[in-house]
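Worksheet for the structure shown next.
The values are calculated or read from the model by the stated rules, or taken from the named source; none is laboratory data. As the structure is a computational prediction, the values presented were derived from the model and not from experiment. Note that each Cβ is placed from the backbone with ideal geometry, even for glycine, and that neighbours are counted across all protein chains shown. Just the protein is used for accessible areas: all its heavy atoms, side chains included, with ligands, DNA and RNA removed. Shrake-Rupley method; radii C 1.70, N 1.55, O 1.52, S 1.80 Å.
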Amino acid sequence: RTAAAKQDKRDTYKLAWSVSEQHLLEGLLEEIPDGERNRWTRVSRTMNGRRTARQVASRVQEYIKKLRRVGVGAGM
């Protein structure tokens, strides 16, 4: 990977998730079920590497917490 590509990925840590990214993530969570090997990496790659596997995992964790706070069961 080039230094520019690494810099681009670091820059996405600073950016809020767009509505389209969130919708894409939600769809991919249904396509790539919990327990699937390398799930976060696969989701990241399917998002064209826009978000790293670590960012995906963190976003899902926060999303599940939010759903539980509002009383929605989250089986992701």
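Being among the hydrophobic types (A, V, I, L, M, F, W, C) and out of contact with any Ser or Thr (no Cβ under 9 Å at 6 or more places or on another chain) is the filter; apply it to the stretch 23-54 and report the residue that is surrounded by the most Cβ atoms within 10 Å (Cβ to Cβ).
Applying the first criterion (among the hydrophobic types (A, V, I, L, M, F, W, C)) to the stretch 23-54 yields 24-25, 28-29, 32, 40, 43, 47, 53.
Those left that are additionally out of contact with any Ser or Thr (no Cβ under 9 Å at 6 or more places or on another chain): 25, 29, 43, 47.
Details: LEU25: 19, LEU29: 16, VAL43: 24, MET47: 16.
Within the stretch 23-54, the match that is surrounded by the most Cβ atoms within 10 Å (Cβ to Cβ) is VAL43.
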**OP:** State all residues of the stretch 55-75 that are open to solvent by 80 Å² or more (accessible area, probe 1.4 Å) and either part of a helix (DSSP H, G or I) or modelled with pLDDT of 90 or more (or both); if no residue qualifies, say none.
**Re:** GLN61, GLU62, LYS65, LYS66, ARG68, ARG69, VAL70
Subject >> Residues that are without any contact (Cβ under 8 Å) to a residue 40 or more places away in the chain, assigned to a loop (DSSP other than H, G, I, E, B) and within 10 Å of the chain's Cα centre (by Cα), drawn from the stretch 21-54 >> reply: MET47, ARG50, ARG51
